[in-house]
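First comes the structure, then the notes that go with it.
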Amino acid sequence: MINYIQDENNIVTLSFNMTESPVNVINEGSMLAFGEALEKALADTNVKGIVLTSSKKEFLVGADLNMIIHIKTAVEIQNAANRLHQLFRRMETGGKPVVAAINGSALGGGYEFCLACHYRIAVNNSKIEIGLPEVMLGLLPGGGGTQRLPRLIGIQESLRPLMEGQKVRPQQALQNKMVDALVNSQEELIPAAKEWILKTGNHIQPWDKKEFKIPGGGVNTPNNAMVLAGAAGLLRKKTFGNYPAPIAILNCVYEGLQLPFDRALQMEARYFAQCVMSDVAKNMIRTLFFSMNDANKGIARPKNVPPIEIKKIGILGAGMMGAGIAYVSANAGLEVVLKDVTLEAAGNGKKYSHKLLSEKVSKGRMTKEKSEEILSRIQCTESSGDLSGCDLVIEAVFENRELKAKVIQETELAMDINGVFASNTSTLPITGLATASSRPQNFIGLHFFSPVDKMPLVEIIKGKKSSDYAIAMCVDYVRKIKKTPIVVNDSRGFFTSRVFSTYLFEGFEMLAEGIKPSSIENIAKAAGMPIGPLAVADEVSIELAYKINKQTEADTGVKNESRAVFVINKFIEELGRPGKKAGKGFYDYPAGEKKILWPQLSQQFPISENQPSSEIIKKRLLHIQALETVRCLEEKVITTGKDGDLGSILGIGFPPHTGGALSYIDSIGVKKFVFECEQFTRKFGNRFRPSKKLRDMAQRDEKFYS
Ligand code: NAI
């Protein structure tokens, strides 16, 4: 587990090399082994110093989260954190200089290890990440990070890395003083570390020196007092108190920097235990770490299909979506044929890639040669014939069933027999579209989100006849473009659009009821949604919601009489305010200024005298989405609860602190959730009615996750 190598100069290199896991992590076993190796080196009077490195690609990627979430009590967590503190203290006060030779990514506890070394040298490789991302999973750096980093680089400088979990490349880490030196290659790393030991060999940490002063001053200097108060205010504004971890980090910095170092570490351990025990951390770790990793590794991929090497893809329609799909695909190294009705239209789609790549070049994030190489992979065309040889063709033409049927048939004539055809339709059921295909087994849905280059999720939709091969092709493709796939069954609106529309519609209902529009918008954000329902409806266009509703009514023969649809119809048919693109929707968009809620909204929908509490508004907006997620699970649109959680966060923006729509129900308690939904059903209508299964779960006191 730890390679112990002593050289002719009596410098010991301790190299992490965990055999039972693909990466080096901090757990009971690795820390025990490290402790023994450390004691051996410290006890040897000949040893002049210790180099700490890794035999794997990564240095150390942090604590074993599986271990953390299985610890049952706060006291046990606190004890585990204190044991780690003792080990790190032994290393930094053991009387021998210790250098971190950072050969690969050093994250979380891995970087905290480096902080407890007397010197840090990293390889200047842009693939290496350094930082303390614990906060992204509802945790705080519990290996002394909240205490050592501000003491090393200053309070103000440490707040972003600690509170935002910002990961940096070695070059920036050097600028931030998070590392002390860089070398250009792996070969130079260990020699440079040894040279430092022989030449400098300092073995006392700054904070263990009598004369120690925090760089930039302590918490009570006028500047730092202002910075800390500002950080607390900004945090409140950004997170509405939904995330306990960054608050705890701020407390650790504020309180800990006024304490002697060892007491400060004990205090950090207490805050760490609080974070680990919180529902927020448990939920975030489950969904944003475990479920996300599983999805990214292709858990949904049919096992019976060997890996498919995708080289060339075709895209039909170079509009907003097609252009984005072309960009992410070319960026991932694929050859792209981008087809539109004219060469000019296809060329316009390619310009989008040009724009994004030029921005990267001008910001110094990409070389001009690299950007040209990526652009050269996108071939524009107006002819279906050019699609021959494509492993996968993604259709993103207008949302019109007849047009889609026409392009499916045209394209299949040019495609190879094994090629897979995927539709990016946002609303049309895949099984229906597949009837236009001569090879329905090779036909599937691939639902991207806008803007394609930013949104992390892709929903793969199985039609009734979609084959395992088609699913595997799509999973492999989505992984190749470095997005997260979930595989769902066919349904009107699939999973994400179904849930998303309940959020919009609830906002419209509230507007029609006379709830203040500003309350709807602000409380939605306070609940943790990234954007209010009215603003997001403007973004995706109210007209689109109108068209989808009309299509649904025509297809199902059922007229939607809800107040939400009344609002949509009024905006399109009567008020002519289709959304942001037209410069008018629920908001006005004055040129060059911030958008403002349309001042006449309150004339159209008079404000009621009885405004509900913010708690009720919050619950209505989140409960309705959670209920729809449960319906999707019961109807087998999604096949696992984890997909529901992951899809709701990544695809819809359901508040990440909840761990997703189903974890949200668990945190409230199924019983209480059902009770509240029944109350809402009586007050607001049947859309809140919990299913029989959910009521049974409540009766049996069951949860989605044990
Ligand atoms: P868009 O209107 O921006 O682009 C459609 C493009 O298709 C146009 O450039 C048009 O010239 C082209 N086109 C029309 N007939 C064609 C043909 N026979 N061959 C090749 N190209 C043809 O539309 P957008 O927004 O990109 O949407 C495309 C599809 O993606 C739609 O089915 C839409 O429902 C779906 N979608 C849209 C999302 C969005 O946020 N806009 C999100 C997810 C899916």
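The values are calculated or read from the model by the stated rules, or taken from the named source; none is laboratory data. Bear in mind that the values here come from a model prediction, so they are computed numbers and not experimental data. Every residue, glycine as well, gets a Cβ built from its backbone with ideal geometry; the counts of neighbours run over all protein chains shown. The accessibility values were calculated without ligands, DNA or RNA, using every heavy atom of the protein model including side chains. Shrake-Rupley method; radii C 1.70, N 1.55, O 1.52, S 1.80 Å.
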Q) Among the residues of region 45-61, is any more than 18 Å from Cys114 (Cβ to Cβ) and loosely packed, with under 15 Cβ neighbours inside 10 Å? A) yes
Q: Select, from Asn296, Asn331, the only residue that is of a type outside the set (A, V, I, L, M, F, W, C), assigned by TED's automatic domain parsing to the domain that holds Ser467 and modelled with pLDDT of 95 or more.
A: Asn331
(Q) Looking at (1) open to solvent by 60 Å² or more (accessible area, probe 1.4 Å); (2) out of contact with any Lys or Arg (no Cβ under 8 Å at 6 or more places or on another chain); (3) within 9 Å of the ligand (Cβ to nearest atom), which one does Arg401 not meet, given that it meets all the others? (A) (3)
Q) Mind checking which residues of region 86-103 are closer than 18 Å to Leu174 by Cα and in contact with a Cys (Cβ under 7 Å, 6 or more places away or on another chain)? A) Val99, Ala100, Ile102
Q: Among the numbered conditions (1) without any contact (Cβ under 8 Å) to a residue 12 or more places away in the chain; (2) under 18 Å from Ala63 (Cα atoms), tell me where Pro191 comes up short.
A: (2)
**Q.** Meets criteria (open to solvent by 40 Å² or more (accessible area, probe 1.4 Å), in contact (Cβ under 8 Å) with a residue 60 or more places away in the chain and of a type outside the set (Phe, Trp, Tyr)) for Glu635
**A.** yes
(Q) Considering only residues that are among the small types (Gly, Ala, Ser), within 33 Å of the chain's Cα centre (by Cα) and surrounded by 13 or more Cβ atoms within 10 Å (Cβ to Cβ), which ones fall in region 206-247? (A) Ala225, Ala231, Ala232, Ala245
Q: Please work out which residue is nearest to the ligand (Cβ to nearest atom), limiting yourself to region 310-352 and to residues that are open to solvent by 40 Å² or more (accessible area, probe 1.4 Å) and free of Cβ contacts under 8 Å to residues at least 40 places away in the same chain.
A: Asn348
Q. Which of (1) within 12 Å of the ligand (Cβ to nearest atom); (2) touching a strand residue (DSSP E or B) at 6+ places or on another chain (Cβ under 9 Å); (3) over 22 Å from Asn331 (Cα atoms); (4) not hydroxyl-bearing (Ser, Thr, Tyr) is the odd one out, the single condition Ala436 does not satisfy?
A. (1)
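Let's see how each residue does on (1) in a helix (DSSP H, G or I); (2) in the same structural domain as Glu574 (by TED's automatic domain parsing):
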residue: Ile607; (1), (2): no, yes
residue: Glu628; (1), (2): yes, no
residue: Gly644; (1), (2): yes, no
residue: Ser663; (1), (2): yes, no
residue: Phe680; (1), (2): yes, no
residue: Tyr705; (1), (2): no, no
**Q.** Ala81 being surrounded by 20 or more Cβ atoms within 10 Å (Cβ to Cβ), touching an Asp or Glu at 6+ places or on another chain (Cβ under 8 Å), part of a helix (DSSP H, G or I) and not hydroxyl-bearing (Ser, Thr, Tyr)
**A.** yes
Q: For region 415-426, enumerate the residues that are surrounded by fewer than 18 Cβ atoms within 10 Å (Cβ to Cβ) and aliphatic (A, V, I, L, M).
A: Ile417
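Residue-wise test of (1) β-branched (Val, Ile, Thr); (2) not in a helix (DSSP H, G or I).
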{"site": "Asn220", "(1), (2)": "no, yes"}
{"site": "Gly233", "(1), (2)": "no, no"}
{"site": "Asn251", "(1), (2)": "no, no"}
{"site": "Asn283", "(1), (2)": "no, no"}
{"site": "Thr287", "(1), (2)": "yes, no"}
Q) Quick one: would you say Ile617 is assigned to a helix (DSSP H, G or I), open to solvent by less than 40 Å² (accessible area, probe 1.4 Å) and not acidic (Asp, Glu)? A) yes
(Q) Can you pull out every residue in region 516-571 that is part of a loop (DSSP other than H, G, I, E, B) and under 16 Å from Phe240 (Cα atoms)? (A) Ala527, Gly528, Met529, Pro530, Ile531, Gly532
**Q.** Members of region 427-465 found to be in contact (Cβ under 8 Å) with a residue 40 or more places away in the chain, surrounded by 22 or more Cβ atoms within 10 Å (Cβ to Cβ) and out of contact with any Gly (no Cβ under 8 Å at 6 or more places or on another chain), listed by number
**A.** Leu446, His447
Q: Out of the residues in region 497-523 that are modelled with pLDDT of 95 or more and within 20 Å of the chain's Cα centre (by Cα), state the one that is nearest to the ligand (Cβ to nearest atom).
A: Phe500
